[in-house]
Amino acid sequence: MIHIPDFANATPVGVIFCILAFITVITAFLTIFSRNPIHSAIYLVICFFSIAGHYLLLNSQFLAIVHIIVYSGAIMILFLFTIMLMNLNEQKDVHRPRITRLGAIVSFCLICIVLIAIFINSKPIVGDYDSTGEDFQSIKVLGKILLNEYMVPFEFASILLLVAMIGTVLLSKKEKLKK
């Protein structure tokens, strides 16, 4: 059973959610399908800002600000430096084998079918909201959880980003022609 939203009686939060969701999906597709890498990066920044808007709708201001600072700031600067170092703006059209394109299309269609089946068969969560009284918006509580319970994954993520940055620099170096 598909639930069709009632736009005539929509709340302002529902309207803002629909607008942000539309912007998020459109800019995500434009990020993927844009031929110019700089345009893709700009669409990705817009997508990140709309996701931060979703966090604000969920009353998670700290997470929205951190998302904007980390993703729209630091990660996008890293992407732009990578694009500039690799000089992806050159018009070298690499022809991929047809089997690769066919595999990508089949994978995309299978993922779409699985996602549609999940959405159709899902049921909304109905129940009471249990409140523990603890303020998870607090930076103090968030820091305790992040650096106590999730210390190892946090460090692995930082090492992964460092290795990715070093790999980007090594890939971007041009080899000198031997004479």
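Extending 7 Å from Cα along the Cβ direction at Ser138 and again at Arg35 yields two label points whose distance is 5.5 nm. With the whole protein complex present, Asp130 retains an accessible surface near 130 Å², based on a 1.4 Å probe.
Normalised Debye scattering of segment 32-90 at q = 0.13, 0.16, 0.20, 0.24 Å⁻¹ gives log10 I(q)/I(0) of -0.38, -0.53, -0.73, -0.90, counting only Cα atoms as equal scatterers and leaving out solvent.
The values are calculated or read from the model by the stated rules, or taken from the named source; none is laboratory data. Since we're looking at a predicted model, the values are computed, not measured. Neighbour counts run over all protein chains shown; Cβ positions are idealised from the backbone, glycine included. For accessibility, only protein heavy atoms count, side chains too; no ligands or nucleic acids. Shrake-Rupley method; radii C 1.70, N 1.55, O 1.52, S 1.80 Å.
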